[in-house]
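Colleague: Provided herewith is a single structure, encoded as structure tokens, for subsequent inquiry.
The values are calculated or read from the model by the stated rules, or taken from the named source; none is laboratory data. Worth saying up front: this structure is predicted, and the values here are computed from it rather than measured. Note that we place each Cβ from the backbone using ideal geometry, even for glycine, and neighbour counts take in every protein chain shown. All accessible areas refer to the heavy atoms of the entire protein, side chains included, with ligands and DNA or RNA removed. Shrake-Rupley method; radii C 1.70, N 1.55, O 1.52, S 1.80 Å.
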Amino acid sequence: MGSKVWELEKEIEGRDPLSFLIALVIFFGIVFLVGDAFDDAGTAFGFIVGFESIFGIPIASIFLIAELHTLKADPQKFIEAYRKDEPQTPEIEILEKAYSEPHKYISEAFRDTLLLWLGLGAITALVDIAVITGSLEIKDLTKFWVLIGLSSLLSAASFILMIIFYLRKRSIEKALFAIQLKKSDKAEISIKI
């Protein structure tokens, strides 16, 4: 793998100190903002739900921001990178490699955003159930609503990203299918697709 492709992968994975610093600021900022929104009322369920929501929502926001780097996974960028790194490679192989790399990142991002969406919905539901049953007592109503609002906002953002990643994944899979057909003897079928 050449240097251009490696740089592109590094950019997609978000391996830079600034991303790590932003993640730490978000985590501690949310924990300190809503850390004392409620008490657990002495029950194990209340303690687990309170702990899960106070630390789960900042962690989910960090993962969601990390998935934004995956939006940079564009097959066209990989085509240009592979052409510069491997000028002697046949064009069809460059196309196959260039579409396979972003497909890996996009598929992982789709799975991760789906799990985030489901997880944030579960956290919000558990907090609601714990408050209704009295397992959690609200100490600061404003901070409680900030917590619920953050959870809902992050859930909506992860749902939108999940749809975007799904559509990109399907598009790349169609292109990979056409490339595979073109590589085989069935080139006429690939032109019709």
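Colleague: Counting Lys and Arg as +1 and Asp and Glu as -1, each charge on the Cβ, what is the dipole of the chain about the Cα centre in debye, to the nearest 20?
Modeller: In total the dipole reaches around 720 debye.
Colleague: If you roll a 1.4 Å probe over the chain with all protein chains in place, what percent of the accessible area is carbon or sulfur?
Modeller: 67 percent
Colleague: May I ask you to give the solvent-accessible area per residue for the chain, in square angstrom, as obtained with a 1.4 angstrom probe?
Modeller: 57 Å²
Colleague: Okay, moving on. List the relative contact order of the chain as a percent without decimals, with contacts defined as Cα pairs under 8 Å and 6+ residues apart.
Modeller: In percent, rounded to a whole number, it is 29.
Colleague: Still on this structure: Anything in the chain that counts as a DSSP H helix reaching 24 Å or more along its axis (C-alpha) with Kyte-Doolittle mean of at least -0.5? List them, would you?
Modeller: Those that clear 24 Å and a mean of -0.5 are 17-34, 44-68, 91-133, 141-183.
Colleague: Specify the residue with the greatest mean-square fluctuation among Gly56, Gly46, Gly149, computed from a Gaussian network of the chain linking alpha-carbon atoms under 10 Å apart.
Modeller: Gly149
Colleague: For the chain, compute the orientation-averaged projected area of the C-alpha convex hull (one quarter of its surface), in nm².
Modeller: Mean projected area for the chain: 13.4 nm², to one decimal.
Colleague: Lysines within cross-link reach of Lys104: Cα-Cα under 29 Å, excluding same-chain residues under 8 positions apart?
Modeller: Candidates past the 8-residue exclusion: Lys4, Lys10, Lys72, Lys77, Lys84, Lys169, Lys174, Lys182, Lys183, Lys186, Lys192.
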